[in-house]
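So the structure is just underneath, and the comments pick up after that.
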Amino acid sequence: MPISRSAALFSVFTGTLMIALWVVLLSTGQVSRIVEEPLSYLFHLVAETATAVALLLSGLLALRRSEQAHRLFFFAGGMLLLAVSGMVVFYVVHWSMPFVVLGVVIAALTTLFLRRNYSARRDVVYLALGTILYLQINVLGNLLQMGDAITAAYVGLSALLTLPVTLLLLARPLQ
């Protein structure tokens, strides 16, 4: 089942918005703890960039009616749902209501587009893999930042096992 044009455009727009947001935040010095927590932020930026790229690719592939777009859309959607959940929590703690509202709107739209384009239970597998990989990348960065090498090794190994499975499932659809 092809991804709807509106969902494809949402993916392209949201991926572009994520990149623009981070460029603005970094270039204006609004990421205040990046110097104190470089590993945490490095891994977080990797997760955010991977999410933005997956969104852009899924949207562009969907506009071209590629058969891989559907799988990638749900994978990117899982990453995005976790990213905006974290965004909402961060900005609630820092009392920035415009960003809280933005996060809630993006989460609601993501959920709406995922629901409208859902076609089979296998879509949930792609969604879960996106969520898991986003989480693993962020947790790994935080653990390394805290100096918890043993737990970081376990999380890193789990990510190294999850990544090839994810790539295989994105390349070849579940039946």
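The values are calculated or read from the model by the stated rules, or taken from the named source; none is laboratory data. Keep in mind that this is a model prediction, so the values were computed, not measured. Cβ atoms come from the backbone with ideal geometry, glycine included; neighbour counts cover every protein chain shown. When the accessible area is computed, the model is the full protein with side chains, heavy atoms only, and any ligands, DNA or RNA have been set aside. Shrake-Rupley method; radii C 1.70, N 1.55, O 1.52, S 1.80 Å.
Which shape class, rounded, prolate or oblate, goes with the range 86-153 when its Cα gyration tensor gives a ≥ b ≥ c as root eigenvalues, a/c under 1.5 marks rounded, and past that a/b bigger than b/c marks prolate?
The shape class here is oblate.
What accessible area per residue comes out for the chain, rounded to a whole number of Å², with a 1.4 Å probe?
I get 56 Å² per residue for this part.
In whole angstrom, note down how far apart the Cα centers of the range 87-113 and the range 28-64 are.
Cα centroid to Cα centroid, the span is 16 Å.
Taking all protein chains as present, what is the carbon and sulfur share of the accessible area of the chain, in % to the nearest whole number, probe 1.4 Å?
Carbon and sulfur together cover 73 percent of it.
GNM on the chain, C-alpha springs below 10 Å: top fluctuator among VAL100, VAL125, VAL92?
Result for the chain, Cα springs under 10 Å: VAL92 fluctuates most.
Would you mind calculating the relative contact order of the range 78-175 from Cα pairs under 8 angstrom and at least 6 residues apart, reporting the percent as a whole number?
Worked out over the range 78-175, it gives 30 percent.
How big is D for the range 1-90, in µm² s⁻¹ as a whole number, if Stokes-Einstein is applied with the Kirkwood radius of its Cα pairs at 4 °C and 1.567 mPa s?
D, rounded to a whole number, is 95 µm²/s.
Which order do you get for HIS70, HIS44 if you rank them by accessible area with a 1.4 Å probe, largest at the top?
So the residues, ranked largest to smallest area, are HIS44, HIS70.
At a probe radius of 1.4 Å, what is the per-residue accessible area of MET146, in Å² to the nearest 10?
Rounded to the nearest 10, the figure is 140 Å².
Once R0 is set to 41 Å, what does the formula 1/(1 + (r/R0)^6) return for the Cβ-Cβ distance between VAL92 and LEU63, expressed as a FRET efficiency to the nearest 0.05?
0.75
Can you show me the helix-derived [θ] at 222 nm for the chain, built from DSSP H runs with n ≥ 4 at -39,500 (n - 2.57) apiece and divided by the number of residues, rounded to the nearest 500.
That calculation yields -29000 deg cm²/dmol at 222 nm.
Take every Cα pair under 8 Å in the chain that's 6+ residues apart, average their separations, divide by the length, and report that relative contact order as a whole percent.
On the way: 203 pairs, mean separation 47.5, N = 175.
With pairs under 8 Å counted, the relative contact order is 27 percent.
Would you please give the FRET efficiency between LEU112 and LEU39, computed as 1/(1 + (r/R0)^6) with r the Cβ-Cβ distance and R0 = 45 Å, to the nearest 0.05?
With R0 = 45 Å, the Cβ-Cβ based efficiency is 0.80.
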